[in-house]
Each structure stands twice: as structure tokens, then as C-alpha cells.
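The values are calculated or read from the model by the stated rules, or taken from the named source; none is laboratory data. These figures come from a predicted structure and were not determined experimentally. Using ideal geometry, Cβ is built from the backbone for each residue, glycine included, and neighbour counts are taken over all protein chains shown. For accessibility, only protein heavy atoms count, side chains too; no ligands or nucleic acids. Shrake-Rupley method; radii C 1.70, N 1.55, O 1.52, S 1.80 Å.
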2 protein chains.
Amino acid sequence: MSHERFLSRAAAAMQPSPIRQMGAVAAQRADVISFAPGYPGPDAFAWEAYRTIADRVLARRDRDLLQYGPTRGYPPLIDALQTLHAARDITAERDEILVTTGSQQGLDLVSRTLIDPGDVVLVELPSYTGAILAFRNAQAALVGIRQEADGIDLTDLDRTLHDLRSKGRRVKFLYVVPNFQNPTGLLMSLAKRRALLAWAMREQVLIVEDDPYGALYFDDAAKASETRSIKADDPDGWVIYLSSLSKTLAPAFRTAWVVASPTLAMRMELAKQATDLCTGNFDQRLVLEAIRDGVLESRLPTLREYYRTKRVVMEEALRAEIGDAVRWPAPRGGFFLWASLAPPLDAPTLLPFALNQGVTFVVGHAFFIDHGGGPFMRLAFSLPTHDQIREGVRRLGAAVREAQASAAVSPARET
Amino acid sequence: MSHERFLSRAAAAMQPSPIRQMGAVAAQRADVISFAPGYPGPDAFAWEAYRTIADRVLARRDRDLLQYGPTRGYPPLIDALQTLHAARDITAERDEILVTTGSQQGLDLVSRTLIDPGDVVLVELPSYTGAILAFRNAQAALVGIRQEADGIDLTDLDRTLHDLRSKGRRVKFLYVVPNFQNPTGLLMSLAKRRALLAWAMREQVLIVEDDPYGALYFDDAAKASETRSIKADDPDGWVIYLSSLSKTLAPAFRTAWVVASPTLAMRMELAKQATDLCTGNFDQRLVLEAIRDGVLESRLPTLREYYRTKRVVMEEALRAEIGDAVRWPAPRGGFFLWASLAPPLDAPTLLPFALNQGVTFVVGHAFFIDHGGGPFMRLAFSLPTHDQIREGVRRLGAAVREAQASAAVSPARET
């Protein structure tokens with residue numbers, strides 16, 4: 001009995017995450033160097049601090065520590081998030097904050113709270129796969145908006161919105177990752193952020209602003225002031241802001257949060273009650289103590305330099321090995337380099353050659369909603385060591401040359 | 001701007017959990033004794049073991065420990081769950097198991113994977129609120145089935161199914177908690193379990209079997225063999241089995257699991273990818289090490305006695321204080337005592353008197369889908385100490401007498 005016929009329509013249409021699939025492929029071969037997952041480097045984790053903190057909080061035997069907790073989140077952690085917000089110029093009352101089990105849960109709760117089947121959600125082209133999956137599972141109709149070097153194309157945004165409305169479509173929100181976007185690494189200009197907020201208020205469309213990477217700007221390419229969130233200038237709750245501690249503390253603690261208007265935050269809390277009751281209390285306590293002990297704040301400069309250096313190593317290796325065959329916008333922060341292959345080579349053609357050489361990446365079309373993205377590869381430099389980056393790019397270079405040679409000897413396709 | 005008009009239909013209809021609401025009320029007054037939440041007693045947690053384990057795993061600096069993990073769950077934990085299954089006579093391959101972020105996530109994934117809006121889900125009357133919320137959020141139509149002293153009423157089940165089918169309704173699954181049901185504490189007889197499985201196969205309806213309390217039977221009232229799961233006798237995947245370590249290890253680790261046919265387990269995994277990517281890796285590792293160290297197995301006899309004794313204390317106190325005003329089926333395991341008030345008093349009338357006296361409980365109608373349940377209170381004896389149970393029941397007795405006196409002096413209602 002396969003029970004296929006019992007599936008809901010949403011479940012029958014669900015697609016696996018291409019990033020997770022690629023991760024599974026890489027996990028099967030210990031010798032593969034993977035540029036696929038957007039994972040932080042584990043040598044950058046504050047191992048000793050967590051060991052001290054875990055011991056300290058367990059020794060106290062606080063009767064709430066290992067118990068179920070409030071769906072909203074552990075109240076002292078919510079207070080600490082307000083302090084983090086102050087440093088980001090975001091003002092949010094307690095009833096505007098909801099702790100989530102990773103930002104992925106935030107995206108899921110946003111989807112369930114806002115999307116009826118057929119509602120339009122606007123996304124940047126390309127955009128983060130996890131968000132696309134969450135919106136699709138709520139049966140949203142996704143429509144893409146082009147990006148330029150300084151972020152979303154406002155002309156395309158306006159034209160698309162009016163075109164959709166002229167067809168009677170309801171547009172619920174626009175999803176953006178202004179800081180070091182996944183997958184492109186682009187930084188949206190401050191002027192565009194201001195214009196987006198004005199657009200949202202004028203057109204009565206919500207903005208979902210996802211900001212996992214904002215603290216990880218590279219000193220040689222961006223300033224902290226350039227990462228100012230759209231939310232910071234939003235007095236009326238037009239922006240739903242998501243952020244996370246997965247990239248700066250550790251993903252295992254699954255601690256992220258949403259800032260939204262009290263109405264929307266309350267509905268998301270109700271959705272979360274039925275989704276996982278509460279985010280893990282022990283995890284929340286570890287994260288809170290790490291913030292209180294200054295672990296987060298004191299490590300940020302180190303982390304910025306840690307990832308900046310990896311980006312430099314990857315860029316130098318790419319220039320040396322395949323500078324003629326790939327181009328990319330310089331990453332100004334975050335985890336990703338978005339490389340485009342010189343035609344006629346494309347990423348799906350390259351991938352089997354790359355796997356054969358022992359290196360992998362995520363093909364660009366995973367981040368598009370329209371099967372575009374053929375020339376693109378997302379190369380994450382966050383996880384591998386410097387040596388692995390150099391060796392991985394060397395293998396990628398070998399794969400590119402093999403793929404080019406193979407194309408050269410293939411019979412020309414009829415067109 | 002309240003943004004109400006942006007809500008999805010599902011979100012606009014979401015209701016708060018009455019259990020969580022009551023928890024919030026109790027949390028505001030330190031002097032209130034709460035019989036509301038189904039929380040394990042924190043003095044029963046293996047504090048020292050978790051301290052040792054946390055230190056050990058963090059000291060190792062395994063590079064996967066604080067990282068994102070596979071959506072399916074940490075593979076060695078899945079292996080350990082197979083060993084737990086063997087003790088429960090359940091056979092499940094790896095591709096039939098999915099680790100979830102608490103059993104609440106299991107219920108949510110089941111809902112999203114199986115329910116289209118309008119599909120019928122059958123539930124016991126009364127049934128677990130968290131399940132009701134998850135099914136409702138997927139826009140299921142809930143239909144209740146009566147229970148008898150030995151569990152679900154099979155005649156009512158058959159009649160209801162055929163009635164629904166004659167009206168052209170699609171019935172997706174039946175949700176049951178055979179072991180020490182939440183809220184009634186009832187234990188379904190083995191004969192009924194066998195009959196249910198035969199019914200499911202004959203009628204082609206799935207069974208969702210939720211088993212958080214099975215290991216917590218009381219030696220003076222039930223035998224391990226009486227908790228045998230329906231899943232244990234299901235060769236063809238008609239049963240989706242959920243279990244959890246929240247009641248036996250600790251809720252904070254948010255580690256539970258689902259067993260389902262490979263097809264359904266794979267779809268639930270896809271749904272989980274977009275829901276929270278993965279259950280916390282650190283939590284999963286703590287739980288795994290606790291299982292490997294024998295913490296779980298060795299503590300079960302202690303836990304059974306710990307909760308059995310609390311049940312005895314509560315029953316003795318109830319008999320002494322309000323034996324004339326309440327009746328209940330003897331809990332044979334688990335966390336709950338399901339008390340019914342002698343007419344004309346009902347639980348919603350009693351509740352304000354109880355709060356005024358400094359004691360609280362969950363009113364019965366929270367567990368019904370049809371606004372029934374007026375006479376019932378769910379009294380959880382799992383969390384309070386013996387002294388708190390005695391004092392709480394004393395206060396409850398005072399509240400009952402006040403409510404009865406108040407009713408006696410109220411003008412008779414016209415009928």
C-alpha cells in the first residue's frame with residue numbers, strides 16, 4: 001500500500017529542496033568538496049562558551065529550563081532581542097516579536113498566516129529556495145521581479161504589480177533579502193530600500209524582509225550603515241522582519257525571530273501553537289546566555305573577517321583557475337558567490353563533470369521560479385576551509401575544461 | 001494599520017489553544033496552583049545526566065553537532081528509535097521514520113500531508129486540543145466519535161463513517177490516543193485496537209495513532225502488554241504512529257517522531273523541509289546519548305511510580321474534599337484525571353470561583369469539537385508536588401461549595 005491517493009493536493013505537489021538534495025549527494029561521498037550548503041563554518045562556533053553556558057544553566061536546575069515554554073518565546077530572550085533591535089535602529093514592542101524555530105519556521109508562519117491558495121507573492125529573481133518552498137506549500141502563485149546590481153528593479157516591480165492587478169489578481173506581499181541576498185550576495189541600496197517602503201505603503205502591499213546575513217558585511221566592501229533594514233524606517237507595520245542567530249551563533253539552536261504588527265504577530269503565534277507548541281526552551285536559554293555573556297557581540301568582528309577571508313580565497317582561486325569562464329558580482333557580505341558561466345556552457349551541463357571531479361554546487365535554476373538560471377552556480381564559501389576552497393575551485397576548473405571540450409566535440413544541435 | 005485584511009482564511013479562523021490560554025492565566029499569579037498544563041514534573045528530569053552529556057558532546061567538537069542536520073533526523077537517533085520500536089513490537093525501516101520537532105509538529109505534518117479543505121477527520125470525543133487545532137488549521141471538517149470505558153465506540157464509528165459516505169464526504173483518517181488518552185486518561189482495550197485496525201483496512205481509512213504516554217502505565221492498574229500499539233500489528237502502513245520523548249526525557253528537547261509508510265513519510269519530510277528545515281541537532285544528540293547511556297530505559301520504572309503516586313494523592317484528595325461533587329474514571333497511566341461535576345454545576349461556572357480560590361484546570365469543552373463537555377474538568381496531576389495537589393484540591397473543594405451556594409441563591413432560570 002503506497003497510500004498516494006490519501007495525499008492532500010498541497011502534498012502531492014510538494015517538491016524537494018534542490019539544496020537539500022545536493023547536500024544528500026555530497027554527504028554520500030566523503031571526498032567531495034561541497035560549495036552547496038549555506039552552512040556556517042563550525043570552527044567559527046563559540047564551542048567553549050556553549051560548554052560553559054550549558055553547564056551553568058543545567059547546574060541551576062531552573063524548573064522551567066527543560067519544560068515546555070510560551071509559544072511567543074522565552075520572555076527574557078524577547079527582551080534581549082529588543083536590545084539587539086536597538087542596535088539595528090528597529091523599534092519593536094514585545095507584542096510585535098515572535099521567537100521561531102529557525103527562520104524557515106518564520107517563512108512558514110508568514111505563509112500560513114497570509115496566503116490563500118492563488119494569492120500572488122512577489123519574489124526577487126533569483127530568490128531563496130526555502131522561501132519559495134514555503135510559499136508554494138501554501139499554494140501561492142509566485143511572480144518574479146528582476147534584480148539589478150543594487151537590488152530589486154523598481155520599474156519591473158511597478159509594472160508587474162499593475163499588470164497583475166489589471167488581471168484582478170490579489171498581491172499579498174513582496175519577499176526580499178536586502179542584505180547579501182541568497183543566492184546572489186547582492187546588497188540592496190539604501191535608496192531602493194526607502195523606495196520599496198514608500199511603494200509598499202502607496203500600493204498597500206506587505207514586505208517580508210528576511211535578514212539572516214546583515215551582521216556579516218565585509219569591511220573591504222560594505223559599511224554597517226549600508227545594511228540598515230527596511231523595517232527600521234517602518235512605523236506602521238508594513239514590513240514583516242525576519243532574522244536569525246543560525247549564521248552568527250549556530251544553526252543547531254534553531255532560534256530565530258519575526259517582527260510584525262501586533263495583529264499579524266498574534267496570528268503567527270496562533271499558527272505556531274498548532275505547529276510546534278514552542279521553540280526549544282533549552283536552546284533559547286543557551287542563546288540568551290550567549291547574548292548576555294557578550295558572545296554574540298564580541299564575535300561579530302571575528303566572524304566578518306572569517307567569512308571575508310574565505311570570500312577572498314574563493315575569488316582568487318576562481319580568477320586563477322577559471323577567470324575566463326565565469327563572472328560574478330563581488331560578494332559584499334554573507335555566504336555566497338553567484339557565478340555565471342560563459343556561454344554556451346550552463347550549470348546543469350557542468351554539474352555531472354563537477355561531481356565526477358569531486359566538487360559540487362547548487363545549480364542556478366533552484367533559485368528561479370520559471371526554470372531560468374541556466375548559466376548560474378551558487379558557490380557557498382562559508383563552510384569549506386581555505387584549502388578546501390582552493391582544491392574545490394581547482395576541481396571546478398578541471399570540470400569546466402572537460403565540459404567545454406565535451407561540448408566542442410559533440411555534434412552541433414539542430415536549432 | 002492592523003493589517004487584518006491581509007490574513008488568509010485559515011489564519012482569520014484560527015483559535016487560541018484553551019490549554020495555552022489557561023497556562024498564561026496561571027503564569028500571571030505565582031500563588032495559583034495549576035492543574036491545567038500536561039507538563040512533566042521537572043524534579044523527575046535526569047538533570048545530572050543531561051549535564052554530563054551536554055559537556056561530553058560539546059567537548060568532542062564534532063563538526064556536525066551545532067550545524068544544520070538532515071530533515072529526516074540525525075541518522076544515529078533514527079537507529080536508536082528502531083531499537084525503541086523493537087521493545088514496542090513495532091517494525092519500521094529507516095525510510096518509515098521521521099524525527100519531528102515535538103509531536104505537535106508530527107500532527108501538523110500529518111495535517112498538511114493528508115488534509116484538503118473540507119476533508120473529514122474523525123476524532124474521539126473528547127480529544128487532544130493540539131490535534132484538533134492542527135487539523136482545523138488545515139481546514140479539516142472534524143467529526144466526533146463517542147468513547148466508552150474501554151475506548152472508542154466502534155458502533156458509533158461505523159455508523160458515522162457510513163453516514164458521512166452516504167453524503168459523499170471523504171473521510172481521510174481517524175485520530176486516536178489509545179494509551180491514557182488526553183484528556184480522559186482512558187486505556188483502549190486490546191480487542192478494540194485489533195478491531196480498529198481491521199476496520200481501517202476494510203474501510204480504507206488511515207489511523208493516526210498518537211502515543212506520548214504509553215510507557216507511563218501505572219503498575220496497580222495496567223500492564224505493559226495492555227499498551228500494545230495498533231501500529232505493532234499493522235503490516236501495510238494503515239497506521240501513522242506518533243510518539244515523543246517529551247514526557248519521559250524532557251519537553252525542551254522537542255524530540256519526537258513519526259512512523260508512516262515510506263510514501264507518506266517522504267511527503268512529511270518534504271513538508272518539514274519547508275517548515276523548519278530540521279529538528280535541532282544539539283537536542284537530538286542529547287536525547288540520543290541519553291538513550292544510549294540507558295537514562296531513558298532505567299528511569300521508566302521510577303517515572304511510572306512518580307506519576308502513579310501523584311495520581312493516588314490526587315484521587316485521595318478528591319475523595320476527601322469533593323467526593324460527593326465529582327466522579328472520574330480511574331487513570332491507569334499518563335498525566336490526566338477527567339472529572340465530571342455533579343449537575344447542575346458545570347466547569348465554566350466553576351472556573352471563576354476556582355481562580356478566585358487560587359486553583360485552575362482546563363474546562364472540558366476545550367476537548368470537544370461541538371461545544372459539549374460542560375460538566376468536565378481535565379485535572380493534570382503530573383506537574384504539581386504532592387503538597388500542591390492536596391492544597392489545590394482543597395481550594396477546588398472550596399470553589400465547588402461556593403459555586404453550589406451561589407447557584408442555590410440565584411433565581412431559577414426559565415426553561
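Values computed for the structure shown
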{"quantity": "Check on A:A138, touching a residue at least 24 places away in the same chain (Cβ under 8 Å), closer than 24 Å to B:D116 by Cα and within 8 Å of chain B (Cβ to nearest Cβ)", "calculated": "yes"}
{"quantity": "Test: residue in the stretch A:147-155 that is touching a residue at least 40 places away in the same chain (Cβ under 8 Å) and under 14 Å from A:A200 (Cα atoms)", "calculated": "yes"}
{"quantity": "Residue in the stretch B:327-345 that is part of a helix (DSSP H, G or I) and open to solvent by 30 Å² or more (accessible area, probe 1.4 Å) present", "calculated": "no"}
{"quantity": "Odd one out for A:R159, checked against (1) open to solvent by 10 Å² or more (accessible area, probe 1.4 Å); (2) more than 23 Å from A:A11 (Cβ to Cβ); (3) in contact with a helix residue (DSSP H, G or I) (Cβ under 8 Å, 6 or more places away or on another chain)", "calculated": "(3)"}
{"quantity": "So B:D116, is it more than 14 Å from chain A (Cβ to nearest Cβ) and charged (D, E, K, R)", "calculated": "no"}
{"quantity": "Residues of the stretch A:122-171 satisfying the condition of being part of a loop (DSSP other than H, G, I, E, B) and of a type outside the set (K, R)", "calculated": "A:L125, A:P126, A:S127, A:Y128, A:A138, A:Q139, A:A140, A:A149, A:D150, A:D153, A:G168"}
{"quantity": "Of residues in the stretch B:1-28 being at the interface with chain A (Cβ under 7 Å from one of its Cβ atoms) and outside any loop (DSSP other than H, G, I, E, B), the one modelled with the lowest pLDDT", "calculated": "B:R20"}
{"quantity": "Selected residue (criterion: farthest from the other protein chains (Cβ to nearest Cβ)) from residues of the stretch A:53-69 that are touching a residue at least 12 places away in the same chain (Cβ under 8 Å) and either open to solvent by 60 Å² or more (accessible area, probe 1.4 Å) or polar (S, T, N, Q) (or both)", "calculated": "A:R56"}
{"quantity": "Yes/no for B:D276 being acidic (D, E), over 30 Å from A:G106 (Cβ atoms) and touching a helix residue (DSSP H, G or I) at 6+ places or on another chain (Cβ under 8 Å)", "calculated": "no"}
{"quantity": "So B:P75, is it within 14 Å of chain A (Cβ to nearest Cβ) and over 29 Å from B:L142 (Cα atoms)", "calculated": "yes"}
{"quantity": "Filter result for A:D31 (on the phi < 0 side of the Ramachandran plot, part of a loop (DSSP other than H, G, I, E, B), within 9 Å of chain B (Cβ to nearest Cβ) and surrounded by fewer than 18 Cβ atoms within 10 Å (Cβ to Cβ))", "calculated": "no"}
{"quantity": "Lone unmet requirement of (1) outside any loop (DSSP other than H, G, I, E, B); (2) open to solvent by 20 Å² or more (accessible area, probe 1.4 Å) for A:I369", "calculated": "(1)"}
{"quantity": "Residues of the stretch B:95-115 satisfying the condition of being within 24 Å of B:P251 (Cα to Cα), more than 16 Å from the chain's Cα centre (by Cα) and open to solvent by 10 Å² or more (accessible area, probe 1.4 Å)", "calculated": "B:E96, B:R112"}
{"quantity": "Where B:V171 falls short, out of the listed (1) crowded, with 22+ Cβ neighbours inside 10 Å; (2) closer than 19 Å to B:R202 by Cα; (3) within 13 Å of chain A (Cβ to nearest Cβ)", "calculated": "(1)"}
{"quantity": "Residues that are outside any loop (DSSP other than H, G, I, E, B) and surrounded by 19 or more Cβ atoms within 10 Å (Cβ to Cβ), drawn from the stretch A:222-231", "calculated": "A:T227, A:I230, A:K231"}
{"quantity": "Flag for B:F180 being buried (at least 24 other Cβ atoms within 10 Å of the Cβ) and either of a type in the set (G, A, S) or in a strand (DSSP E or B) (or both)", "calculated": "no"}
{"quantity": "Leading residue by the ranking (most open to solvent (accessible area, probe 1.4 Å)) among those in the stretch A:39-52 that are at the interface with chain B (Cβ under 7 Å from one of its Cβ atoms) and either within 21 Å of A:G294 (Cα to Cα) or in contact with a Lys or Arg (Cβ under 8 Å, 6 or more places away or on another chain) (or both)", "calculated": "A:R51"}
{"quantity": "Selection count where residues are within 7 Å of chain A (Cβ to nearest Cβ) and not in a helix (DSSP H, G or I), scope the stretch B:239-271", "calculated": "3"}
{"quantity": "Residue tally, condition in a loop (DSSP other than H, G, I, E, B) and touching a Gly at 6+ places or on another chain (Cβ under 6 Å), over the stretch B:190-221", "calculated": "3"}
{"quantity": "Qualifying residue in the stretch A:93-103 (condition: touching a residue at least 12 places away in the same chain (Cβ under 8 Å) and part of a loop (DSSP other than H, G, I, E, B))", "calculated": "yes"}
{"quantity": "Count of the stretch A:78-95 residues which are within 14 Å of chain B (Cβ to nearest Cβ) and among the basic types (K, R)", "calculated": "1"}
{"quantity": "Scope the stretch A:273-309; condition buried (at least 22 other Cβ atoms within 10 Å of the Cβ) and not aliphatic (A, V, I, L, M); matching residues", "calculated": "A:Q273, A:T275, A:D276, A:C278, A:T279, A:G280, A:N281, A:F282, A:D283, A:Q284, A:R285, A:Y307"}
{"quantity": "Unmet requirement for A:L187, which otherwise passes all of (1) open to solvent by 20 Å² or more (accessible area, probe 1.4 Å); (2) of a type outside the set (S, T, Y); (3) in a loop (DSSP other than H, G, I, E, B)", "calculated": "(1)"}
{"quantity": "Flag if B:D153 is at the interface with another protein chain (Cβ under 10 Å from one of its Cβ atoms) and more than 29 Å from A:Y68 (Cα to Cα)", "calculated": "no"}
{"quantity": "Residue check for B:Q82: modelled with pLDDT under 90, open to solvent by 10 Å² or more (accessible area, probe 1.4 Å) and not hydrophobic (A, V, I, L, M, F, W, C)", "calculated": "no"}
{"quantity": "Filter result for A:G323 (farther than 22 Å from A:E93 by Cα and open to solvent by less than 10 Å² (accessible area, probe 1.4 Å))", "calculated": "no"}
{"quantity": "Matching residues, the stretch B:214-271, being of a type in the set (K, R), within 21 Å of B:R332 (Cα to Cα) and under 15 Å from the mean Cα position of the chain (by Cα)", "calculated": "B:K247"}
{"quantity": "Tally of residues being in a helix (DSSP H, G or I), more than 22 Å from the chain's Cα centre (by Cα) and not β-branched (V, I, T) across the stretch A:272-325", "calculated": "17"}
{"quantity": "Of residues in the stretch A:192-210 being more than 14 Å from every other protein chain (Cβ to nearest Cβ) and free of Cβ contacts under 8 Å to residues at least 40 places away in the same chain, the one farthest from A:H162 (Cα to Cα)", "calculated": "A:E209"}
